[in-house]
Each structure stands twice: as C-alpha cells, then as structure tokens.
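Bear in mind these aren't lab numbers, they're just calculated from the coordinates by the rules spelled out. Bear in mind the structure is a predicted one, so any value in this text is a computation, not a measurement. Cβ atoms come from the backbone with ideal geometry, glycine included; neighbour counts cover every protein chain shown.
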Amino acid sequence: MQNNHEGMALISGTAHPKLSDAISAELDIPLIEAHVGRFPDGEVDIKVNEDLRGRDLFVLQPTCPPVNENWVELLLLLDTLRRSSAARITAVMPYYGYARKDRKDEGRVPISAKVVANTLIASGADRVVTLDMHAAQIQGFYDIPVDHLYARPVLLDAIEKLNIDDPVVVTPDVGGTKMARAYATRLHADLAIVDKRRLSGSETTVEHVIGDVEGRNVVIVDDMISTGGSISQAARVLRENGAKKIYIAVSHAVFCGPAVERLNAAPLDKILATDTIPQGEAVPDKFQEVSVAPLLAKAIQSIHRSESVSSLFE
C-alpha cells in the first residue's frame, strides 16, 4: 500500500499483536513505541515513548477474550492519547465485545453494548472502526462516527477459491437471513435457513430446515462461533437432510468452552474465519484463517485522508 500517511500514527494494545503488525505492514508505517504491561497487582501500566501532539492516532485493540482485560486496556490507551494532545483518536476494534446485550429484553439486566460505547467516548475516542458487530444497531449508541465494516468480501474471496459446485448458502439463525442473502447473491447460490430456538445463552435446539439442501454443497455463514453449539447442530441437521459437503464461513472465531471439540465432531469439511481474534494452539482440525488486515488498513487510510469508506461496507 502506498505510504502517504503524514501525521498518522498506529498504536497497539496487547489483545492481538499479530493483527496489529499485519496492519502496520499493510500501511508501511511502524507502530508507536509504547510499553503496555501490568503492575504486579494486575493493573494496566502504559507509557508511550513518542511525541503524539497533533497526530491522527489509531488504536488497534479488539475487545476479545479476556474481554474485561482488553476493554480496560483500550480505555486507558484512549485516555493516554487524549492527555498527550492527539489531534484525533480512532478506536479500531476488529471484534466488539459485549455486543450481545444490545437491548433490555427482560427485567433487571444491563445494556452492556451501551456501557462500552459510553466508556469509549468518555475515555477519548473520536471515532470507532469495527467489523461485523453482533448487532449493527449498536452504532446508534454513539454520537461519534462509527465505521461498521463487513468481513464478507474477504470471506467470499476465500469461498470462491474453494470452487464449490452447486452451493446453497445457509444461515443457522433466522436473524442472519440478510447476511446470508448477501453471500448467496455474490455466489449465485440458493438460500436456506435452519430454524433455531434458543433455550439459554449457551444452548439452542434446531427445529427444521427451510429450503432444499438435498444433494447440494452447503456454505453456512454467521457472524461468530462462540461455543460451537448452534453451528454443530445446524451441520448435523443439514447432513440429515441430504447435504453433501458442508463449509462454514464466520467473521469471528471466538472458540470458547467446548467449541473445538464440538466442531471436530461435527460433519464439517472446512471452517473459514477471519483473524479478528487471536487463536491459540487449540483450533478445529479443518480451520482456515483469513486475514482482515488489508481491509482494516484500507479503512484506516481512507479515514486519515478524509476519503469515503462506504465502498468497504459492501
């Protein structure tokens, strides 16, 4: 990517240094030299070793697990930059934690996504960049610009390289129909829906499949895999309904709890996911990571140059 970034600076938290390095390489500018560590009692300790006055700062920090640690670290990074007289501060959050609680759907519960928004703004964020929020309406919690990007173009490129014959795009949840239709349009594929009923925050049951998957290759698309229960159930039901090969494409690979074991036991041929969340050694056998660093780098470059980023939303 052409280096024309006078006044821009990138600073990384500790949540996902590999992705931060990749974004830095795409933009061909180094990360700000800073110490982001912990005091002996676990409190976050930050010291920036460069002059930031008047610069356009981008903080690279997904609020992935451990969510609370990474969230507080992001807030303190924002405060550090604000007190260093940065001209503008953009929080780049490839994964937006606490997005599930975006409304008060029962009595005596928080709206956690709103709390995240309040704290980011109070700590000094002038703008937010994120990728495939669990609930897009969270943008409305902010009175600052929010650039909500989609991983779909990156994942579609990876899907097309698989040369899947006669594909059917499947959403494992009725709420994901809009996303699945966008994938189906690009792939010139049919659409099917797995009718799922949620029993609790971590448990679901699949009722039936809406659409024809018999003798077809299936691509299940979703915004994230957490414990892997819904996706694994959906794969088994699709196989029972005659699906041939089953592929998965998701934006965020959270892989918590029994996710890896469940996915390894499910009838899956490939799992495609982006690198918004760092992975440890325990990943599913058929997992393939796709990088969103080029996409985020383009967004950062466009924002810095005051150019439109709307093309990246498609």
Taking Cα pairs under 8 Å and at least six residues apart, what relative contact order does the chain come out at, in percent? 14
Could you work out the relative contact order of the stretch 171-293? I mean the mean sequence separation of Cα pairs under 8 Å and 6+ apart, divided by the number of residues, in percent. 20
For residue 35 and residue 100, what does the FRET efficiency come to when R0 = 30 Å and r is the distance between their Cβ atoms, rounded to the nearest 0.05? 0.35
Within 10 Å of each residue's Cβ, count the other Cβ atoms and sort 45, 102 from fewest upward. 45, 102
Go through [x] 61, 48, 36; [y] 63, 46, 40; [z] 50, 50, 42 and flag the label whose value is the computed Cα extents along the principal axes in Å for this structure. [x]
Using distinct alpha-carbon pairs, which all enter the 1/r mean, Kirkwood radius of the stretch 152-290 in Å: 14.7
Residue-normalised 222 nm signal for the chain, counting each DSSP H run of n ≥ 4 as -39,500 (n - 2.57), nearest 500 deg cm²/dmol, is -8500 deg cm²/dmol
I need 194, 128, 170 ordered by Cβ neighbour count within 10 Å, fewest first. 128, 194, 170
Antiparallel DSSP bridges in the stretch 126-254: what percent, to the nearest 5? 25
Shape call for the stretch 16-166 from the C-alpha gyration tensor, a ≥ b ≥ c root eigenvalues: rounded (a/c under 1.5), prolate (a/b greater than b/c) or oblate? oblate
Place a +1 charge on the Cβ of each Lys and Arg in the chain and a -1 charge on the Cβ of each Asp and Glu, then give the dipole magnitude about the Cα centre in debye, rounded to the nearest 20. 580
Going by average Cβ neighbours within 10 Å, how do the peptides 55-62, 208-215 rank, with the highest at the top? 55-62, 208-215
Relative exposure of 305, 88, judged by other C-beta atoms within 10 Å (fewest first): 305, 88
How many angstrom separate the Cα center of the stretch 246-314 from the Cα center of the stretch 164-198? 18
For residue 45 and residue 289, what does the FRET efficiency come to when R0 = 25 Å and r is the distance between their Cβ atoms, rounded to the nearest 0.05? 0.20
Express as a percent, rounded to the nearest 5, the fraction of DSSP beta bridges in the chain (both residues included) that run antiparallel. 20
